[in-house]
């Protein structure tokens, strides 16, 4: 879980340097106040189910906290997925704790409660709310082995303007997707036993193809991409990162964004792996945008590179002149909609903003 802890540290340093788009300073976590550093992480309690022992032997934890977004009058929910190994074998029927950090000190970590993972390895814990505008750290702990994962709760004003950024091929220079849709990372070898335990929605051939592809953890950023994202954040427009990457790449993605100084913002990852496939990824992105706009957040602009981005943004109602596309598909249109707006480079685009 080193990557996840590094992710929290890097994100924390970034948040300290940034203001909240709503005009109030965010509640910012700091490196010294992770659960382990605060002495809040107990000893492994052991597993409740015999089958779990086989699951955890498949590989390292690949837990993921889903970034929560709420308005000040809503009661937010902590949601997370807990799994192990290269095929994300679900942690089923095991005890998990949820935590939230209400300030920047160890004493500000508050235990939300405890629950059992469902048959998909997921948990949901309702927080006490509503909460003021700000950014709050969230954490989950699998009590069986004391493994952890971290994410954030972003409390935004109901009319908060937002800007959407895809990641691969948009913020990065290469789009390492499988047939335009699924971003993959070589997290280990697989076997028939692993595949069966994972209960994968994909075929064995698809899993093997995925595991043979590598997502570069240190992917090159488009020159000036960070400056464009900061341009929006500095003007009170909240960046939201919506990517076709599955939840397995949570820690890696958070670390990549933080190391390049990207402004803090909700990270939206594919939760059902089949939705990362080309036939579904645009529907997933369209739905994600619809959920945000349906709650009153105003989408000021959206950035992408793939044809799936163009169609998702168009169908979600983002104006063509505010749909900015970089790369080979720049300026293309989704059938039945106006052409997107091409950008040749981020430095040139920044001068036009």
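The values are calculated or read from the model by the stated rules, or taken from the named source; none is laboratory data. In this text, all values refer to a predicted model and were calculated from it rather than measured experimentally. Here the Cβ is made from the backbone with ideal geometry for all residues, glycine too, and neighbour counts use every protein chain on show.
Assorted remarks:
- Those residues of the stretch 271-285 which are at pLDDT 85 or above and surrounded by 21 or more Cβ atoms within 10 Å (Cβ to Cβ), in sequence order: 284, 285
- Close Cβ contacts (under 6 Å, 6 or more residues apart or on different chains) running from residues in the stretch 275-292 that are at positive phi to residues that are at pLDDT below 90 and part of a helix (DSSP H, G or I) are absent.
- Within the stretch 289-317, if we keep just the residues that are in a loop (DSSP other than H, G, I, E, B) and closer than 13 Å to residue 161 by Cα, the residue that is modelled with the highest pLDDT turns out to be 297.
- Taken over the stretch 333-347, the criterion of being farther than 17 Å from residue 172 by Cα and either touching a strand residue (DSSP E or B) at 6+ places or on another chain (Cβ under 7 Å) or outside any loop (DSSP other than H, G, I, E, B) (or both) is satisfied by 333, 339, 340, 341.
- In the stretch 154-168, the residue that is modelled with the lowest pLDDT out of those that are part of a loop (DSSP other than H, G, I, E, B) and under 18 Å from residue 261 (Cα atoms) is 168.
Results for (1) under 30 Å from residue 50 (Cα atoms); (2) assigned by TED's automatic domain parsing to the domain that holds residue 61; (3) in a strand (DSSP E or B), shown as yes or no for each residue.
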| site | (1), (2), (3) |
| --- | --- |
| 96 | yes, yes, yes |
| 99 | yes, yes, yes |
| 104 | no, yes, no |
| 118 | yes, yes, no |
| 125 | yes, yes, yes |
| 129 | no, yes, no |
| 139 | yes, yes, yes |
| 152 | no, yes, yes |
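Residue by residue, here is whether (1) over 18 Å from the mean Cα position of the chain (by Cα); (2) buried (at least 24 other Cβ atoms within 10 Å of the Cβ); (3) at pLDDT 95 or above holds:
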residue	(1), (2), (3)
132	yes, no, no
136	no, yes, no
146	yes, no, yes
151	no, yes, no
172	no, no, no
175	no, no, no
